[in-house]
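Engineer: Attaching a single structure in structure tokens format; questions to follow.
Taken together, the values in this text are just the output of simple stated rules run on the coordinates, not laboratory data. Bear in mind that the values here come from a model prediction, so they are computed numbers and not experimental data. FYI the Cβ positions are ideal-geometry reconstructions off the backbone, even for glycines, and counts take in every protein chain you see.
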């Protein structure tokens, strides 16, 4: 009996439907900054230059995908988690994805802000990213993502 | 329906609603961004006064507002002192990675045109990180020693209504605005914008 296979997070990723949904969410989160930058190649280059973003951002994208996969798994495949607790994770994802992505990749938000505030947000982006990763981990935990459950 | 059932139903609906709101927010931001990107050049501009194309302003065809900056070597330069050649003005910060990559692309075209066909003015706008030493290092890594690189001590970014890093203006040899943009720069764009001005 493989205990790891019973963790809800793994169940969600091993289920075909929820894995596809999770993968789509993770991919969207990972690649969306290429829209404001107008170039996928430039975003990937930018990401590779930025530290600690190059580590934290893919982690954030993966956690966003995991979070969505667990949500989908619970709603459509097997009821396992308290879905009323989705707010924390949604907020964490949005903050990380929109404010932590990359210092110069936030024109969608910067449009509404003065330059000084945009610069401050850019400086804080690693902080937003770290906070978002923590919030998402907490949200997945609250949705019982790490809980080992019986075969379903 | 009992109170408990109603509450449970409401909780389930509120989760769905929350998810829908989050998706709508993301979609709105992306769509809003796409919509804004087509109209932003106008949002950045000041309309020519009295239809006079010589009016000072920030619209393409306007005479660019004057500026005066002192570069890292202590040399003061202005729009007037740079007249006679096209001027590429680039607002950035030393840490802005897409801007660094854009500067490298511009440098390719700059070198290709003999390093003398147009002036490049790099204006650093972040007081917390753009020190003299950081600017000199930036220029060594991504620019050229013949570029004018200066910290924006005179509020030029305000005058030019800069809202984003990576904002760029190109002036023709008479100081008229020929092009402006805030998307990351590439070689092809540099060539397309500057070639007609260089002649």
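Engineer: What ranking do B:148, A:146 get, fewest neighbouring Cβ atoms within 10 angstrom at the top?
Structural biologist: Neighbour counts put them in this order, fewest first: A:146, B:148.
Engineer: Among A:48, B:190, rank each residue by its count of other Cβ atoms within 10 Å, from fewest to most, as a rough exposure measure.
Structural biologist: Going from sparsest to densest Cβ surroundings: A:48, B:190.
Engineer: Here is a follow-up. Would you tell me the mean number of C-beta atoms belonging to other protein chains that fall within 10 Å of each C-beta in A:126-137, as a whole number?
Structural biologist: Averaged over the peptide's residues, the number is 0.
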